[in-house]
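Please read the structure below before turning to the comments.
The values are calculated or read from the model by the stated rules, or taken from the named source; none is laboratory data. Please read all numbers here as calculations on a predicted model, not as lab measurements. No Cβ is skipped: glycine too gets one built from the backbone with ideal geometry, and neighbour counts run over all protein chains shown. Accessible surface is based on the protein model in full, side chains and every heavy atom, while ligands, DNA and RNA are left aside. Shrake-Rupley method; radii C 1.70, N 1.55, O 1.52, S 1.80 Å.
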Amino acid sequence: MIKDITIGQFFPGDTLLHRTDPRFKIIILITFLTSVLAAKSTVAFMAVLCSTLILLVLSEINLRILLKSVKPLLFILIFTAVINLFFVKGESMLLHWHFIKIYKEGIVNAVMMVLRLVCLVVGTSVLLSYTTSPLDMTDGLERVLSPLKYIKVPVHEFSMMMTIALRFIPTLVEETDKIISAQKARGVSFDTGGLLKRVRALIPILIPLFYSAIRRAYELAEAMECRLYRGGEGRTRMKVPHVKGSDYIFLFVMLAVCVGIFLLNSYEVPFI
Amino acid sequence: MTDKAITLENVTVKYGIGTPFEKTALDNISIAFPKGKITGIIGHTGSGKSTLAILLNGLLKPSEGVIRLENEDIHKDKEFTNKIRFRVGLVFQYPEYQLFEETVARDIGFGPRNMGLTEAEIAARTAKAAKFCGLDDDTLKASPFEISGGQKRRAAIAGVIAMEPEVLVLDEPAAGLDPAGKEEILGGLTLYKEKTGSTLILISHSMEDIARYSDYILVLKEGKMFDFGTVEEIFSSADKLFQASLDVPQITKLFIELKKRSITCRSDIYTVGYGAKVLISELKNKER
């Protein structure tokens, strides 16, 4: 059951999206998300849909995997659609039944909001989480944020913490599974009794889990110190990322798309 | 043959059915574990030993086949399956991580408390289980996070023994312990078996431990039942064991070599103590 969590899931591959420098990908993602949120008119929105589709095709990510990442959002999507459908007021009423009034604008709004949310999730997934290894991602983040060092933000430490956290998610999931089985073998049952009893049943799982997480942290810290880790200052890298021409081209194309979407905002599709 | 404690009938376990990662962990296993005896399970890494362990106490439901405890299907209904966990105790590999209570004594009493026993009964069982595992009163009062690794292992095993299961399954109970600790734990378990008449199933990588403590041996190879028999039957066919990437105890190997060199005429020796006796008496005979 716990194994279905897909945080920071990376699917190795060799596409344009996989090869692009992580720093550029982060900037491209910010550009893309800005244009998704900025698209107001229907024409601009079509352009957003098209660019999302193109990114999706470029990433060569399996559609089924992608659907899995959208699934947790299902509730929010339905909620957004319902709210927009029933509460947006406009000029042309399509349906009036007792207190329910549905306007054309409501339907357009509902569809756009839902697709907008899907675009945000799909864009982030294919641009960053599915096509960038966690190591590249934190590395890129560290470099993008490195100017903040000058105002005394410990950028390196943050990115190291993130790398370690990502690294230990699968380990802790596995450990949780093990502890649950062991306590079940001693007769804990998680699916019977009232709420209080069920919450109490979690104690035998959480205490060993915290204990081992803290112990692991100490061991890791010691192992890092043994290898003379002393923070980011003066640290060099084994793999220095090189910016390629394709990185710049990709970035400029995305910037152009973003500007284009801003310009298209003043056009509406006539028949909607 | 002796009575059967727990039986598997044509049990197959598959993981990830319907996905490209489908894997058969256990393939058509039929076996009856003899009651009141110690059965050792040996097999190469990935041969399905640990899967078999979680099958026996109902934590895992087989994809096909039936598991019976005293002739009752352990999956006949959900409530019954939950009760099975008290009747078939399972000690996982490296069970130290399951400790969580304030004191070792309370942790040992966790299983019995889940069974709904009275406090007096829980205290009695805790004391009994602690004795089998060689835990003294000071340790019982300590926090399970303060005691040594070996003591933690004992406390975890005592926590399962305190439920007084009819069948006790142990997955590598002595892994990573020093020789003295190993001997104490395995000796304590044998004592528990003799005192209560329960059935023990012991999974181990150490042929020496298996030879010394078990009555029967089940050999698994790639999820299939490779062989089953008494210790003598299994270890006397060394060549067959080598096929399953397994080994015979080192003392047996020594005697096979000694026999080749006509120093002794026996090769059916499985424990060091017995081997020494045999060798001494043979040498004395030669002197005469």
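Observations
- Selection of segment A:190-205 for residues being open to solvent by 70 Å² or more (accessible area, probe 1.4 Å) and either hydroxyl-bearing (Ser, Thr, Tyr) or more than 10 Å from every other protein chain (Cβ to nearest Cβ) (or both) yields A:LEU195, A:LEU196, A:LYS197, A:ARG198, A:VAL199, A:ARG200, A:LEU202.
- Screening segment B:112-194 for helices (runs of 4 or more DSSP H) wholly inside it with 3 or more residues that are crowded, with 21+ Cβ neighbours inside 10 Å and assigned by TED's automatic domain parsing to the domain that holds B:LEU55 returns the ranges B:119-132, B:149-161.
- Hits in segment A:15-68 (condition: open to solvent by 30 Å² or more (accessible area, probe 1.4 Å) and touching a Phe, Trp or Tyr at 6+ places or on another chain (Cβ under 6 Å)): A:VAL43
- Test: residue in segment A:119-141 that is assigned to a helix (DSSP H, G or I), open to solvent by 80 Å² or more (accessible area, probe 1.4 Å) and at pLDDT below 90: yes
- Candidate set: segment B:226-280, residues that are of a type in the set (A, V, I, L, M, F, W, C) and touching a strand residue (DSSP E or B) at 6+ places or on another chain (Cβ under 9 Å); chosen: the one surrounded by the most Cβ atoms within 10 Å (Cβ to Cβ): B:ILE234
- Within segment B:223-261, considering residues that are among the acidic types (Asp, Glu) and not in a helix (DSSP H, G or I), the one farthest from B:THR45 (Cα to Cα): B:ASP227
- Every condition in (1) under 30 Å from A:ALA256 (Cβ atoms); (2) among the hydrophobic types (A, V, I, L, M, F, W, C); (3) open to solvent by less than 60 Å² (accessible area, probe 1.4 Å) holds for A:ILE102 except the one numbered (1).
- Selection of helices (runs of 4 or more DSSP H) fully inside segment A:1-109 by the criterion of at least 2 residues being in contact (Cβ under 8 Å) with a residue 60 or more places away in the chain and more than 24 Å from A:ARG167 (Cα to Cα) returns A:22-38, A:42-59.
For (1) surrounded by 13 or more Cβ atoms within 10 Å (Cβ to Cβ); (2) on the phi < 0 side of the Ramachandran plot; (3) away from every other protein chain (no Cβ under 13 Å), each residue gets a yes or a no:
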{"site": "A:PRO147", "(1), (2), (3)": "no, yes, yes"}
{"site": "A:ILE169", "(1), (2), (3)": "yes, yes, yes"}
{"site": "A:VAL188", "(1), (2), (3)": "yes, yes, no"}
{"site": "A:ILE207", "(1), (2), (3)": "yes, yes, no"}
{"site": "A:LEU228", "(1), (2), (3)": "no, no, yes"}
{"site": "A:PHE252", "(1), (2), (3)": "no, yes, yes"}
{"site": "A:LEU255", "(1), (2), (3)": "yes, yes, yes"}
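- Residue in segment A:143-160 that is without any contact (Cβ under 8 Å) to a residue 12 or more places away in the chain, part of a loop (DSSP other than H, G, I, E, B) and over 27 Å from the mean Cα position of the chain (by Cα) present: yes
- Here B:LEU26 qualifies as in a strand (DSSP E or B) and either open to solvent by less than 40 Å² (accessible area, probe 1.4 Å) or not small (Gly, Ala, Ser) (or both).
- Scope segment A:173-186; condition open to solvent by less than 60 Å² (accessible area, probe 1.4 Å), within 13 Å of chain B (Cβ to nearest Cβ) and part of a helix (DSSP H, G or I); matching residues: A:GLU175, A:THR176, A:ASP177, A:ILE179, A:ILE180, A:SER181, A:ALA182, A:GLN183, A:ALA185
- Test: B:LEU90 is open to solvent by less than 40 Å² (accessible area, probe 1.4 Å), out of contact with any strand residue (DSSP E or B) (no Cβ under 6 Å at 6 or more places or on another chain) and within 21 Å of A:ILE180 (Cβ to Cβ): no
- Scanning segment B:95-111 for residues that are facing another protein chain (nearest Cβ under 9 Å), open to solvent by 10 Å² or more (accessible area, probe 1.4 Å) and in a loop (DSSP other than H, G, I, E, B) gives B:PHE100, B:GLU101.
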